[in-house]
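A short worksheet on the structure shown next.
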Amino acid sequence: MSKAKKKRSQAPVALVYFITLLVFMAVFGFIAFQLLKKVTIFDKNNDDDELKSDRSFSIMMARLDSTGSLMDIGLFKFMPDDERILIVPLPGRTVNDSTGVLMSEVYQAGGIRSLENAVENTLGISVDYYITVEESAFETVFDIIGGVVFTADEELYRLTDNDAEDISYQAGIPVELTGIQARVLLDTKIFSNGYQGNLNLQCSVLQQLVNSAFRQANLTKNSLDNIYDKLVGTGETNYTAAIFREHKQIIIEMLDKKLKPGSLFKPDGEWRDEERYVLAATFKNSLQEIYGIPTETEKAAMNAESTDEE
């Protein structure tokens, strides 16, 4: 009799123990769930941060002559995470794919925004910012940076009424150019291979300028504000001072790394009638890959995959 009572008296204790265990497991599970949720959110935020971490930006510089006509175009894509600056030079005589007219004619008719659209459509890329660089601004910034050496492949000679614009270079003799010398050479059709010679010089000048700026990093850091002011001072631009201040920190970070970041992506194309430069499709496709833009083949594949999923 006493044994039966003893067994019955233990039943409530076991029940309380079981309920307590369930409650503990529920509380523990809730805490674990909240912790897991926080970790998941953190990881998601990290993913979002990674998606937003692309600090690259592109600037199109349209160089003008004394009459305001477009001479050539320099595209600069700053890619700090890759520690390089992609340089794409284009002649003003590049053909606009959409209309068949020259980029210089596009600018003459519609200004810098029309030129920006034409460049984007022709190359299949996007341009973030644009600056028109007038003759005096080009020469001044060139002289601030300096360090551009030109070695002629042939004898170049031309006399003008302005001694400063005379051309006299012996083949095989390296010369460090001044701003006005570089500008005159770039603007004059004097090379035996026609405007291709001007394009070759443009490629060399732009790449050397970028790498020279990084070779003398401290001087360049101290000159960044002055360079910006000179470039945009008299030109037309959407590259505001506020945006420049943000990018300035990125540029300084790159300068502090002692890089040689100027990566030239030389245009590949064909001169037609010696006056019109038509870009090759392979060049444009390769440029789009560097910019991270899907090619037409990739777009077609993605569209086909999307159709299959539907």
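Observations
- Here each label is just a point 7 Å from Cα along the line to Cβ, and for SER192 and GLU253 those points are 4.9 nm apart.
- By average C-beta atoms within 10 angstrom, highest first, the peptides 235-244, 87-96, 196-205: 87-96, 196-205, 235-244
- Using a probe of 1.4 angstrom and keeping all protein chains present, the accessible surface of segment 124-222 works out to 46 square angstrom per residue.
- Added length on full extension, which subtracts the Cα-Cα distance from 0.36 nm per residue, SER66 to LYS266: 69.4 nm
- When each of LYS77/LYS221; LYS77/LYS260; LYS77/LYS189; LYS77/LYS248; LYS189/LYS258 is checked by Cα-Cα distance, pairs over 26 Å: LYS77/LYS189; LYS189/LYS258
- In this structure the amide hydrogen of GLY262, modeled in the peptide plane, comes within under 5 Å of the amide hydrogens of ILE85, ASN211, none closer than 5 places in sequence on its chain.
- With all protein chains modelled, accessible area of LYS221 [1.4 Å, Å²]: 60
- Rg/Rh for segment 79-216 stands at 0.98; both radii use Cα atoms, and Rh follows the Kirkwood definition.
- At R0 = 35 Å, FRET efficiency that the Cβ-Cβ distance of GLN170 and ASP273 yields, to 0.05: 0.65
- Backbone geometry of segment 108-117 corresponds, through the Karplus equation with coefficients 6.51, -1.76 and 1.60 at θ = phi - 60°, to 3J(HN,Hα) couplings of 4, 7, x, x, 5, 5, 5, 5, 4, 4 Hz, x marking Gly and Pro.
- Between ASN238 and ALA109, the simple spin-label model (points 7 angstrom out along Cα→Cβ) gives 2.1 nm.
- Under a model in which nothing but the beta-carbon of Lys, Arg (+1) and Asp, Glu (-1) is charged, segment 103-228 shows a dipole of about 400 debye around its Cα centre.
The values are calculated or read from the model by the stated rules, or taken from the named source; none is laboratory data. Just so we're clear, the structure is a prediction, and the values are computed from it rather than from any experiment. So basically every Cβ, Gly included, is an ideal-geometry build from the backbone, and we count neighbours across all protein chains shown. SASA here: full protein model, heavy atoms, side chains in, ligands and nucleic acids out. Shrake-Rupley method; radii C 1.70, N 1.55, O 1.52, S 1.80 Å.
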